[in-house]
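The values are calculated or read from the model by the stated rules, or taken from the named source; none is laboratory data. Just so we're clear, the structure is a prediction, and the values are computed from it rather than from any experiment. Positions of Cβ are generated from backbone atoms using ideal geometry, with glycine treated the same way; all protein chains shown enter the neighbour counts. Remember, those area values only see protein heavy atoms, side chains included, never the ligands or the DNA or RNA. Shrake-Rupley method; radii C 1.70, N 1.55, O 1.52, S 1.80 Å.
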Amino acid sequence: MYQDNGKTTILGDCILLIISIIINSLGNALTVSLNLGSALWTASAVNMSHLFNMNLGNILLLEGIAVILSNAMLLHQFDWHRMLGNVLFMVPFSYLVSGIAQLLTVFHIQQLSLVPSVILDIIGVMMIGCGISIYQRINLILHPNDDFMQILRFRYLHGNAVTASLVAFIIPITIIAICFVIQRHLWAVNIGTIVALLFQGTFIALSDRYIFRKLKHQRL
């Protein structure tokens, strides 16, 4: 799967991409199901789904399209190949998160006591960071939210994953705040959200170092 220079073959890229999407989708779905705090982008989508009474998958899709346009502005160009890759990633991912979240309710995990729920929620956030790390290093196609973070990280913030994550989170935090002002209630914002805000960049950086250690950032 790996070449001597730490790069992968196309087949290896596709296999790792599928693995990373599954890891990330499961992590997001786990945090949504537990309702103890999702990663900030997911939390913003959950709150918008309640505000507009729309399916979470549809909201994730619409949110992703808006971020694709934001990425084009940051890059100062419409990179159609990159934008198509964002869409190809985003569509299955959006509905995987929604579908797996609904499936997990069958296991009644939301009825777990506080301590195991918090542990599972933090594991979910860590899985999100791990998934992001893998497909950002492959850089074949990306979710637009993670492409946004990648653009900030390598074009504006000298490769710093932690700072890039914090800056990228300004948008979903703003969305969540607006939803709260309108609805006077928050969904998917809790302990896990704070963990994601403070440590998701760290989880990504640690995964870069320890998960598939030979895999290097490509196609930057």
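Between the listed residues Q218, I178, L104, the Cα displaced farthest toward the positive end of the dipole of the chain, a dipole computed from Cβ unit charges relative to the Cα centre, is found at Q218.
Length available on full extension from I65 to N53: 0.36 nm per residue minus the Cα-Cα distance, which gives 2.4 nm. Here the Debye sum runs over all C-alpha atoms of region 41-112 as equal scatterers in vacuum, and log10 of I(q)/I(0) at q = 0.15, 0.24, 0.26, 0.27 Å⁻¹ comes out as -0.58, -1.06, -1.14, -1.18.
Model label sites at R184 and H81, defined 7 Å from Cα along the beta-carbon direction, differ in position by 5.3 nm. The reciprocal of the average 1/r between distinct C-alpha atoms defines the Kirkwood hydrodynamic radius, which for region 40-82 equals 11.2 Å. In the chain, helices alone account for a calculated mean residue ellipticity at 222 nm of -24000 deg cm²/dmol, with every DSSP H run of four or more residues adding -39,500 (n - 2.57).
A simple packing score, the average count of other Cβ atoms within 10 Å per residue, orders the peptides 22-29, 152-159, 105-112, 120-127 as 22-29, 120-127, 152-159, 105-112, with the highest score first. Taking a ≥ b ≥ c as the square roots of the eigenvalues of the Cα gyration tensor, region 1-95 is classed as oblate, since a/c reaches at least 1.5 and a/b does not exceed b/c. Surface composition of region 107-159: carbon and sulfur atoms hold 71% of the protein heavy-atom accessible area at a 1.4 Å probe. In the chain, Cα pairs under 8 Å separated by at least six residues give a relative contact order of 36 percent.
Magnitude of the charge dipole for the chain, about its Cα centre and with charges confined to Cβ atoms of Lys, Arg (+1) and Asp, Glu (-1), is about 380 debye.
Remark on region 108-220: Rg and Dmax equal 15.5, 47 Å (Cα only). The residues of the chain expose on average 49 square angstrom of accessible surface per residue, using a 1.4 Å probe on protein heavy atoms. As a calculated quantity, the FRET efficiency between R209 and M73 at R0 = 30 Å, using C-beta atoms, amounts to about 0.40.
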